[in-house]
Structure formats: structure tokens, C-alpha cells
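Below is one structure; the comments refer to it alone.
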Amino acid sequence: PSYWRLITLDRFDGTTWVPEVSHPTQRFGGDLAGELEPGARVERLEQRYRVARLGGTWLPVAASPTEVDARPTVLLNAPNRGVTIRGRWRAGFEYSVVSLTAAPTAADLRRQQAYDRPELRRYLGLPADLDPRISALAAEVAGPRPTAYDRALALQDWLRDTARFRYDLDVPELRGGQDQLVRFLTVVRRGYCEQFAAAMAVMARSLGIPARVAVGFTAGLLGEDGYEVTANDAHAWPELYFTGVGWIRFEPT
């Protein structure tokens, strides 16, 4: 079981997260540059997929795919890590994937971070008019914790606290307006994965930790022939970057 990622979103305009690039950029070649750092601890994960029905452009894969075996040409959106094929897939389309998923220790994640690298700048960007209450709240939650990893855990634990936040698919208070995020964090405190993932990513960036939002699916239900994944498993989650490791999934929902 794993989370099956479709694409990552790296641009935040104050209300919505979107991908910097929304189309394939090159043939897939298995290059993990920008996804994992050289020497990072990894686990090999092999997956075989059979698609019954799937809308959109991108195929689900576990994070950090290094091999994709499909009959049509496999394409990659390199900036946002989306994998697709040339042409369309039909019901019964099958493909296989090998991923090298990050498997760091806590000590790996607590190393000194080098976040001043040019390639990480776009994952730290925030709107100039972002409500200052969000940054202040992130600093309050993180407190004096000594490492980026511990500050990230503090954000995750705070959002997962069921005495403070509640999972709810029907939140009419958040259907419009430019201040949805601050209202979610300070007043409404109810929402679903989209709000939780967006909130943690923005709060992490305000603390100087590179962050993005990934969209895809959770593992689904295990049956006789494997995991069955449906629209009910659609999900969003934040990914944060750590020196010597790469992108790591968190789960604040």
C-alpha cells in the first residue's frame, strides 16, 4: 500500500494551489533529480496497475518513479512530477511502475538544512498580501523547536488535533472568498484534505521550509487481486523538502 500521486502543486496565489506546468515536458527517463537527493535512504516499491476508469491527464504512481513500463510512449511533467502516456488510455489499460520511495530516519530529517539553494526558491514563495495571521500562527505552533523536521511535526500534530479541527466534507463557509485559508485556521476549523494540506504547506513555507501540495489517492481497500482504488480515495497531502533526503509526505488531515 502507498499513496498514489498524480501531480504536485507548487504555486499558491493566496487561495488556490496550481502546478507551475500543466502538461508533459519530456519523455520519461527515470531521473529522480529534484525528487530525491543522492545517497538518500530508499525502499523499492513495485506496482502493477489496471485502469477501469480514470479521468484527467496523469496516471497514478507511487512517489519517485524510476521505471514505468507501458506500451505507448511514457511522458513526464518534470517540474510537477506527473506521469502520462502519449495518446489515451481505455478501460483495462495496464502498466507497471518501480518507485524508490524515501525511507529516512528521524536523524536524517533532523540534519542541518540548506534551503538557500536556487532550485528550492519556488517552493518557498508566498503571496505578498498573505494574511499575517497565518505566519504568526505557524510561528506560535512551531515554537522554539530546534529543527525544520520538529517544526513540521508540530504543524502536523496541531492540524490533526481533533479537539481543535474536524474533518468535514460539507463546509459551506469555505466555498468562496479570498480569505478561506485564514478562516479555516482561525474560525471554521472544519474541512477536508484540500484545506488541511493547503494549510500545512503554506504554514511550512512561512517558517522557511520548502513545501508543495500533492494530489492523488490513498491506498484504497485490499481485495483478492490487490488494492481497489476509487474516487472515494481521492486525496491531497503536503510534501516538505529535507536536505540529504528529498521530498517527504506528511499527513495533517
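The values are calculated or read from the model by the stated rules, or taken from the named source; none is laboratory data. As the structure is a computational prediction, the values presented were derived from the model and not from experiment. Backbone-built Cβ (ideal geometry, glycine too); neighbour counts: all protein chains shown. Surface accessibility is based on the protein's heavy atoms, side chains included, excluding ligands, DNA and RNA. Shrake-Rupley method; radii C 1.70, N 1.55, O 1.52, S 1.80 Å.
Worth a mention:
- Those residues of the stretch 215-240 which are outside any strand (DSSP E or B) and over 14 Å from residue 63 (Cα atoms), in sequence order: 220, 224, 225, 229, 230, 231, 232, 233
- Residue that is surrounded by the most Cβ atoms within 10 Å (Cβ to Cβ), among those in the stretch 159-180 that are modelled with pLDDT of 95 or more and out of contact with any strand residue (DSSP E or B) (no Cβ under 6 Å at 6 or more places or on another chain): 159
- Within the stretch 52-76, the set of residues being in contact with a Lys or Arg (Cβ under 8 Å, 6 or more places away or on another chain) and modelled with pLDDT of 95 or more comprises 60, 61, 62, 63, 73, 74, 75, 76.
- Pairs, first within 22 Å of residue 245 (Cα to Cα) and open to solvent by less than 20 Å² (accessible area, probe 1.4 Å) in the stretch 210-233, second part of a loop (DSSP other than H, G, I, E, B) and small (Gly, Ala, Ser), C-beta under 9 Å, six or more apart: 214/63
- Any hit, the stretch 25-40, residues being open to solvent by 30 Å² or more (accessible area, probe 1.4 Å), at pLDDT below 95 and closer than 22 Å to residue 197 by Cα: yes
- Restricting attention to the stretch 64-77, the residues being part of a loop (DSSP other than H, G, I, E, B) and open to solvent by 30 Å² or more (accessible area, probe 1.4 Å) number 3.
- Any chance residue 192 is of a type in the set (Phe, Trp, Tyr) and open to solvent by 20 Å² or more (accessible area, probe 1.4 Å): yes
- Hits in the stretch 6-40 - residues which are touching a residue at least 60 places away in the same chain (Cβ under 8 Å), under 19 Å from the mean Cα position of the chain (by Cα) and not in a strand (DSSP E or B): 10, 13, 14, 15, 19, 20, 24, 32, 34, 35, 37, 40
- Selection from the stretch 72-88 of residues that are in contact (Cβ under 8 Å) with a residue 12 or more places away in the chain and more than 15 Å from residue 61 (Cα to Cα): 72, 73, 79, 86, 87
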